[in-house]
Amino acid sequence: MPKDRPELPPVEELLTAAVTAVGGVERPGQVKMAQAVRDAVESEEHLAVQAGTGTGKSLAYLVPAIRHAAESGKAVVVSTATIALQRQLVDRDLPRLADALEGLLPHRPDFAILKGRRNYLCRHKTAAGMPEDEDDQLFDPREVSATGRMVQRIQDWADETETGDRDEIVPGVSDQAWRQFSVTARECLGAQRCPSGADCFAELARERAGEADVVVTNHALLAIDAMEDFAVLPEHDVVVVDEAHELADRVTSVVTGELSEATVSLAVRRAGRLVEQGVADRLQEAGEDLRALLGAAPPGRVDTLPQSLGLTLSLVRDAAFACITALGPRNKDKDDPENAGLRKAAFTVLDDVHDTAQRMLDAFGPAAGGTGTGGDAPGAGASDSGGPADGGDAEAEEIHRAEVVWLEEGRGRVPPTLRVAPLSVGGMLRDKLFGDRTVVLTSATLALGGTFDSLARQWGLRPGEWTGLDVGSPFDHPRRGILYVATHLPQPGRDGLPEAYVDEIAELIEAAGGRTLGLFSSMRAAKAATEALRERLDVPLLCQGDDATGQLVKQFAGDPATCLFGTLSLWQGVDVPGPSLTLVIIDRIPFPRPDDPLASARQRHVAAKGGNGFMAVAATHAALLLAQGAGRLLRSMDDRGVVAVLDPRLATARYSGFLLNSLPPYWRTTDPGKVREALRRLTADL
Ligand code: SF4
């Protein structure tokens, strides 16, 4: 990139050239957004932009981003939540944009995609065969052969690939198979020491990113770059976070720690080859104690630290520490790459076990956390701690608590797992991500209840530190769409889908002649509705899980009579313009489950501080998903249709105003006759 500061055409001129080149129509919202992004970058002020579907928001941020990169000589980072958007940017938008702007800028804009190290094939692991991590004895023979076939496919692909990017492998491969060929950033030997360092795919991707004007990445890597002491992304002063409504959740996933018998067993297997038997045995025994304890405990949030759990976590932590000590200095094998790889792999997982156990103890306060370093002090601290709830001021505890610990029940081969996550990632984001760069956050859904405040709070931004802009939508929502709330139905209960809901769905689908996307709040409800309606309706009915989701969406989009029912990933991931999607049915307001450990802990935390926990957490979560779900209806200017919400609380509950204000401004009705009539008319016109 040039380091001089050339005089460049204004953003408006570049945008016009870009829109003309892609054969699109310039829209007022798009121009407004591009200007706002330019102003934010120039004034170094964080900006949140809500831009409805059809605005052309990727061009609206890419054009000022590329202009800034050309002017400043620094890359701009664009972060997405989904692979689909990443692909759209890299395969479609950016190449077209580069062609369009080439003659107007000092050089052709270039771009690169950068993912976390574990997404690239590790040539060293592939060639040298670093530790086989899986315990074959646990495998079901069918799974062994399925994994074996995937391993073979990866090996064949490894001989040909030029990028080493896991996403190139179609169909995809399981994490279990991929782990045999990849390393995490912490396991990597470092390009200087690694015999394959010169050809390393991850290093090559970083190099390419270092030369690009626009680096496309994901929220997880963005968070890691912001939080770690070392730089993962190239130097940059501007970040665009697209699909920003997902930022807090993605960052929470990155910083969630987990501990289970499987993690400890992996540490034992890796350490077992390198330390004395007795030291590894001690960790194995601690892992067995953990398995027994977690297997017998009820799943859910752990509010107070039971003495037995405190003791076991301390045992695990101290036994891991003993293994770490026994491994000796970390750089001992710097001239022996094979051994260095084995030791690094062992250090990584042992550090993880040690640090996570300590973190879980710390979550219950200093008394539970203990000193936490002594291989010679098993059980220090926690064994004599009854946790924070043995009297004292529970409310004060709640306010000061920073992390939540919960137990997730085992499923199939996955054993019961203890997890720990922060109550909020806002402070972390504020310090690390927003601290020393300009951040533009955008999505079709950012204004909940009519304001950006809920999401700004999740991001840790305070009033005065950011500006918000809603550029609206080019769609004429009140004329093109109807929001129907079935107030005559009973409230949804705990015992599955009420019979009246099934009848209502059947009548709506009949009126629409198929063409329905059913968004359910649980897989159980989606399956129950599918089963009940397959018998009653003549139209083809697909249910998530029948096939790969992408395949089902393709089938649904290809045949107007077909209906598709499913749950969470469909709420946000379906983009089907045209008559195949004329009716969106939502069975209930998608509040988090009452036993969701993180949401319930966050809710309680807000309440303890005097706020409205329900509105701040549950209603905000529901509003975001509802807006995403309702946004599936209109995907192009010609689309028309109905969003039908069967849960009457959307029209009657005290919080309904907040939820309704989060949705696109469709024409509203509660009259079932009118809606069925409208659907019949609509489909007759098609
Ligand atoms: S540098 Fe790291 S990721 Fe790259 S080949 Fe070597 S060990 Fe693997």
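The table below gives the values:
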{"quantity": "Violating pairs (Cα-Cα greater than 30 angstrom) within the set Lys344/Lys432; Lys74/Lys432; Lys57/Lys609; Lys115/Lys554; Lys115/Lys432; Lys115/Lys344", "calculated": "Lys57/Lys609"}
{"quantity": "Amide N of segment 472-488 lying under 20 Å from the label point, which is placed 7 angstrom from the Cα of Val22 along Cα→Cβ", "calculated": "472-476"}
{"quantity": "Other-chain or far-sequence residues with amide H under 5 Å of Leu542's (modelled H)", "calculated": "Cys563, Leu564, Phe565"}
{"quantity": "Part-to-part distance (alpha-carbon centres) for segment 160-231 and segment 530-570, which is given in Å", "calculated": "36 Å"}
{"quantity": "At 1.002 mPa s and 20 °C, Stokes diffusion of segment 9-107 via Kirkwood alpha-carbon radius, µm² per second", "calculated": "156 µm²/s"}
{"quantity": "Simple label model, 7 Å out from Cα along Cβ direction - Asp159 to Ala500, nm", "calculated": "6.5 nm"}
{"quantity": "Segment 486-541 - convex hull of the alpha-carbon atoms, volume per residue in Å³", "calculated": "85 Å³"}
{"quantity": "Added length on full extension, which subtracts the Cα-Cα distance from 0.36 nm per residue, Ala128 to Thr451", "calculated": "110.8 nm"}
{"quantity": "Cα gyration tensor category, rounded, prolate or oblate, for segment 185-330 with a/c compared to 1.5", "calculated": "oblate"}
{"quantity": "Accessible carbon and sulfur surface of the chain relative to its total accessible area, %, 1.4 Å", "calculated": "49 percent"}
{"quantity": "Zone of Val414's modelled label, taken as backbone nitrogen in segment 221-264 under 19 Å from a point 7 Å along Cα→Cβ", "calculated": "249-264"}
{"quantity": "Two-site label geometry, Ala402 and Arg92: point separation in nm, points 7 Å out along Cα→Cβ", "calculated": "4.3 nm"}
{"quantity": "Segment 395-517 shape via C-alpha gyration tensor axes, a/c threshold 1.5", "calculated": "oblate"}
{"quantity": "Square roots of five times the Cα gyration tensor eigenvalues for segment 247-316, Å", "calculated": "25, 18, 9"}
{"quantity": "Accessible area of the chain divided out per residue, in Å², using a probe of 1.4 angstrom", "calculated": "44 Å²"}
{"quantity": "Computed FRET value (nearest 0.05) for Gln152 with Glu285, which takes r as the C-beta separation and R₀ as 51 Å", "calculated": "0.85"}
{"quantity": "Candidate residues Thr184, Thr445: accessible-area rank, largest first, probe 1.4 Å", "calculated": "Thr184, Thr445"}
{"quantity": "Förster radius 51 Å - calculated FRET efficiency between Ile83 and Asn612, Cβ distance, rounded to 0.05", "calculated": "0.90"}
{"quantity": "Nitroxide proxy distance, nm - points 7 Å out along Cα→Cβ at Arg668 and Asp237", "calculated": "4.6 nm"}
{"quantity": "Part-to-part distance (alpha-carbon centres) for segment 661-686 and segment 63-96, which is given in Å", "calculated": "38 Å"}
{"quantity": "Debye log10 I(q)/I(0) at q = 0.07, 0.08, 0.10 Å⁻¹ for the chain, Cα point scatterers", "calculated": "-0.53, -0.71, -1.12"}
{"quantity": "Heavy atoms of His488 accessible to a 1.4 Å probe, total area in Å² rounded to 10", "calculated": "100 Å²"}
{"quantity": "Accessible surface of Glu261 - all protein chains present, 1.4 Å probe, nearest 10 Å²", "calculated": "50 Å²"}
{"quantity": "Fully extended contour minus Cα-Cα distance, from Thr184 to Asp167, at 0.36 nm per residue", "calculated": "4.5 nm"}
{"quantity": "Potential extension, Ala191-Glu102 segment - 0.36 nm per residue separation minus Cα distance", "calculated": "28.6 nm"}
{"quantity": "The chain: angle of helix 337-362 to the longest principal axis, Cα-based, in degrees nearest 10", "calculated": "70 degrees"}
{"quantity": "For segment 497-597, Kirkwood radius (reciprocal of mean inverse C-alpha pair distance, Å)", "calculated": "13.6 Å"}
{"quantity": "P(r) of segment 546-686 over all Cα-Cα pairs, binned every 10 Å from zero, in whole percent", "calculated": "10, 36, 32, 16, 5, 0"}
{"quantity": "Solvent-accessible surface (1.4 angstrom probe) belonging to Cys200, in square angstrom, nearest 10", "calculated": "20 Å²"}
{"quantity": "Helix-derived mean residue ellipticity, 222 nm - over the chain, DSSP H n ≥ 4, -39500 (n - 2.57), to 500", "calculated": "-13500 deg cm²/dmol"}
{"quantity": "Ranked order, Phe614, Phe520 - accessible area, probe 1.4 Å, largest first", "calculated": "Phe614, Phe520"}
{"quantity": "Compactness of segment 182-229 - radius of gyration and Dmax, Cα, Å", "calculated": "11.9, 31"}
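The values are calculated or read from the model by the stated rules, or taken from the named source; none is laboratory data. On a predicted model such as this, the values are computed, not experimentally measured, just so you know. No Cβ is skipped: glycine too gets one built from the backbone with ideal geometry, and neighbour counts run over all protein chains shown. The protein model used for the area step is the full one, side chains on, heavy atoms only, and it has no ligands, DNA or RNA in it. Shrake-Rupley method; radii C 1.70, N 1.55, O 1.52, S 1.80 Å.
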